[in-house]
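Below is one structure; the comments refer to it alone.
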Amino acid sequence: MNFPKLLEELQQRPSYRGQIVHCRVLDPRPPRYEDLGVELVPRVQQVLDNLGIERLYTHQAEAVRRVLRGENVVVVASTAGGKTLCYTIPVAQRIYERGTSRAFLVFPTKALAQDQLRKLGAFGEGTAFTAACYDGDTPAPRRRAIKREAQVVLTNPDMLHIGILPYHQTWADFFRNLKYVILDEVHIYRGVFGSHTANVIRRLRRIAAHYGARPQFICCSATIGNPGELVENLTGLPTHVVDNDGSPRGRKFFALWNPPTSGRARSGRRSPNIESAELLCELVKRGIRCIDFTVARMVAELILRYARKELGKDSDLAQKIMAYRGGYLPEERREIERKLFEGELLGVTSTTALELGIDVGHLEATILTGYPGSIASTWQQAGRAGRSAEDSLAILVALANGADQFLMRSPDYIFETSTERAIIDPQNQFILAAHLLCAAYELPLTEADVELFGARMEELLQILAEARYVTKREKWYWIADFYPAAQVSIRSASGEGFDIVNVAAGEELLGTIDARSAYFLVHEGAIYLHRGESYRVEQLDLESKIARVRPTKARYYTFALVRSEVRVEEQSAREDLACGTKHFGDVRVTDRVVGYQKRRQGTEQNLGTQELDLPPQEFETQGLWFGVPAELGGFLAEHGCDLAGSLHGLEHCLIALLPLFALCDPLDAGGASTVEHPDTGGPGVFLYDNYPGGVGICQAAYDRADELLAAVAKTIRECPCTAGCPSCVQASRCGDMNWPLDKKGAFLTACVLIEGRDAAAKAALSWSVDLESAPGQRER
């Protein structure tokens, strides 16, 4: 495909208004090879010959050598860099040498496990050795056979947690002969999911040791800033990093696409969802196979709906695009994966569910609707196209939030910034306590287990004993009358999930959602989008954990409005800034969904708000807060600014830009601001990890607070709006309806914190927008 010509054609469309703000061509990279230097068994060598693999890339050769020498490794290579061979060769080699050997291949998603099972066929699966997927979709009769017969089991952390480790007695022979544990796509294991998975892996090592096994770990990762540290935190074992990537890369065209501003005050932008849908249609009309990645499930469904309408809902082309996301039923996911792999589909709108290394056939282009929250994920998604040495295209369509607009004005950040560090906290007290319950259920805990679970083990077990979950009789024994793993969701910190059922079809199950997200996405009155169709939520049954929905012709969608309150529990760090302070510590957050807003599909027009009365959600977590000097209010007043609106705007922009400085997703953090906080005695702005116990997000932000504040000041200053917009100081989910807000004051407050009052006063003199005369500054 001639992508330069395609980009020219896009710029010639009548609707083009300068959306391409930057385009960069990434040069191709030739392959680098290396001799393995190790003799493989004839069967494995024959497999490589049959696949046409005469030589291995440099990283493949080093990884295989180290694994066969008995080392734990993490292989870091680009998308489609051939990481799979780094573990399939050693696994096949060991099984062919000794047929009793066993291996767990652990993938973060079911789809990836199914995909890798197909690839194992080339290595003799089904003839020379047996392999099988064991996950929540595996029928019960098949499960018994897998335990008896399979030499390689492909699974996910969820199934290890809930369906394998608690029943380890039925897997005794497998654990006794366990030689390898493969963790693929380890860069995904960050935040809450990574912290849970780290404890699942410790439980796995404990069970394996019980049966006399000490398995090696082979891990694979996309490029991140700390692969060795991440894997050692995940496994608790020393690990060698293999990062001399020798795989080839084709030429890639990468365009940054910013929807045009609208209105006299330039306070809004054309909907990025509509812009993205139109780009998707342009690609599909040209027969270009592509994926449109989105940051939320609802957005994937919206873009599908817009694109099908553009193409003609019943046309052949419209039927060649589908949505793919979490929450679909297993049979729906398998159908979409099959159609994509076999070429029946030209386009898919997807959440990060297809970001991983699933083989979906040859793709030529990717659209990223919104910055995905990290440089690592940006390159992972962009890398899904052009997975051979051919040319490919990636287009990042900016949302109207601060982070995306910062990137549109600072493109070098994407292309020249090192990838972020992945943060996990296996010692999070809430997460660790949950897994100690699960571990005690599996085997009594002893003092020796401190080596696996850390110094907090004894303290937390004492607390659990007071709650009568465990008791100590030389060892710690499980004594409660429930199955603990079923109560612990490792994908979230919010416990048991909700079912979404269609009352018009006899309460047919449409999908599932985690408990915390249910308050935001399936509250009463919410529009739930599923496979391009709209359903209105009639009831959110908190007791039965069921959201009841009914099909609707409504032409709008909804999103929740949230109000937060933060109280300081304990301060653990404090530093002076140029004028003000930064703090880090434990906080207690109370979130309340106070209502929801309706937006018209196709135009994003605000159709009004509806109040809700849902119970608050309260949790302890980690927070970062900025203390501002008491005289700030007077300084701002001198420059025509309002203290409350300034702090509120600063809070919104800090949250929006946080993903650029801490490896997190856009909704992983929250915030609050106040002119007089009861715990600090003065004005303050708070950020917090949106998970009980915290997962290191605000810790990373505390360490880089100066950089974060500088980026906030730059974003607000360079935003072309007059009085504030979603690209700088507004937040779409603000429970206070973005009132009060003061754009200039937010900018000056950031300047005061990082440069001091005198520098901020100079900056105020050059401020080019007279906020006092700007329209709508104080409107709700």
Qualifying position, being over 29 Å from the mean Cα position of the chain (by Cα) and either in contact (Cβ under 8 Å) with a residue 40 or more places away in the chain or crowded, with 21+ Cβ neighbours inside 10 Å (or both), among Thr749, Thr715: Thr749
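When you look at Gly602, is it open to solvent by less than 40 Å² (accessible area, probe 1.4 Å) and either touching a Lys or Arg at 6+ places or on another chain (Cβ under 7 Å) or part of a strand (DSSP E or B) (or both), yes or no? Even if it seems obvious, please write down each step before you answer.
Values: open to solvent by less than 40 Å² (accessible area, probe 1.4 Å): yes; either touching a Lys or Arg at 6+ places or on another chain (Cβ under 7 Å) or part of a strand (DSSP E or B) (or both): no.
For Gly602, the condition - open to solvent by less than 40 Å² (accessible area, probe 1.4 Å) and either touching a Lys or Arg at 6+ places or on another chain (Cβ under 7 Å) or part of a strand (DSSP E or B) (or both) - is not met.
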Residue in segment 207-257 that is nearest to Thr155 (Cα to Cα), counting only those that are open to solvent by 30 Å² or more (accessible area, probe 1.4 Å) and charged (D, E, K, R): Arg214
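How many of the residues making up segment 162-206 are of a type in the set (Asp, Glu) and either surrounded by 22 or more Cβ atoms within 10 Å (Cβ to Cβ) or over 21 Å from the mean Cα position of the chain (by Cα) (or both)? Talk me through it step by step, then tell me what you get.
Residues of segment 162-206 that are of a type in the set (Asp, Glu), as a first pass: 173, 184-185.
Those left that are additionally either surrounded by 22 or more Cβ atoms within 10 Å (Cβ to Cβ) or over 21 Å from the mean Cα position of the chain (by Cα) (or both): 173, 184.
Number satisfying all stated conditions: 2.
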Number of the condition not met by Ala145 [criteria: (1) more than 21 Å from Arg334 (Cα to Cα); (2) assigned to a helix (DSSP H, G or I); (3) under 26 Å from the mean Cα position of the chain (by Cα); (4) among the hydrophobic types (A, V, I, L, M, F, W, C)]: (3)
Filter result for the condition that a residue is within 23 Å of Val675 (Cβ to Cβ), part of a strand (DSSP E or B) and not polar (S, T, N, Q), over Phe559, Phe584, Phe619: Phe584
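Return the residues of segment 506-522 that are outside any loop (DSSP other than H, G, I, E, B) and more than 15 Å from Ser534 (Cβ to Cβ); say none if nothing qualifies. Lay out the reasoning, then the answer.
As a first pass, look at segment 506-522 and keep what is outside any loop (DSSP other than H, G, I, E, B): 508-513, 515-521.
Those that are outside any loop (DSSP other than H, G, I, E, B) and more than 15 Å from Ser534 (Cβ to Cβ): Glu508, Leu509, Thr512, Ile513, Ala515, Arg516, Ser517, Ala518, Tyr519, Phe520.
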Number of positions in segment 132-157 that are under 22 Å from Arg98 (Cα atoms) and either open to solvent by less than 10 Å² (accessible area, probe 1.4 Å) or not aliphatic (A, V, I, L, M) (or both): 11
Single unsatisfied condition, Asn233 versus (1) farther than 19 Å from Gln380 by Cβ; (2) touching a strand residue (DSSP E or B) at 6+ places or on another chain (Cβ under 7 Å): (2)
Residues (crowded, with 24+ Cβ neighbours inside 10 Å and in a strand (DSSP E or B)) located in segment 623-655: Gly623, Leu624, Trp625, Phe626
Strands (runs of 3 or more DSSP E) contained entirely in segment 294-375, each with at least 2 residues that are open to solvent by less than 10 Å² (accessible area, probe 1.4 Å) and either at pLDDT below 85 or over 27 Å from Glu420 (Cα atoms) (or both): 321-324, 347-350
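With a cut-off of at least 1 residues that are without any contact (Cβ under 8 Å) to a residue 24 or more places away in the chain and of a type in the set (A, V, I, L, M, F, W, C), name the helices (runs of 4 or more DSSP H) lying wholly within segment 161-261. Step through it out loud before you land on a result.
Numbers: elements: 172-176, 191-210, 227-235.
Output list reads 191-210.
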Identity of the residue in segment 262-284, among the basic types (Lys, Arg) and not in a strand (DSSP E or B), that ends up surrounded by the fewest Cβ atoms within 10 Å (Cβ to Cβ): Arg264
Selected residue (criterion: surrounded by the fewest Cβ atoms within 10 Å (Cβ to Cβ)) from residues of segment 428-450 that are outside any helix (DSSP H, G or I) and modelled with pLDDT of 95 or more: Thr446
Top-ranked residue in segment 525-539 [being at pLDDT 95 or above and of a type in the set (D, E, K, R); ranked as surrounded by the fewest Cβ atoms within 10 Å (Cβ to Cβ)]: Glu538
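The values are calculated or read from the model by the stated rules, or taken from the named source; none is laboratory data. Just so it is clear, the model here is predicted, and its values are computed rather than measured. Here Cβ is always computed from backbone atoms with ideal geometry, including for glycine, and neighbour counts include all displayed protein chains. Ligands, DNA and RNA are excluded from the accessible area calculation, which covers all protein heavy atoms including side chains. Shrake-Rupley method; radii C 1.70, N 1.55, O 1.52, S 1.80 Å.
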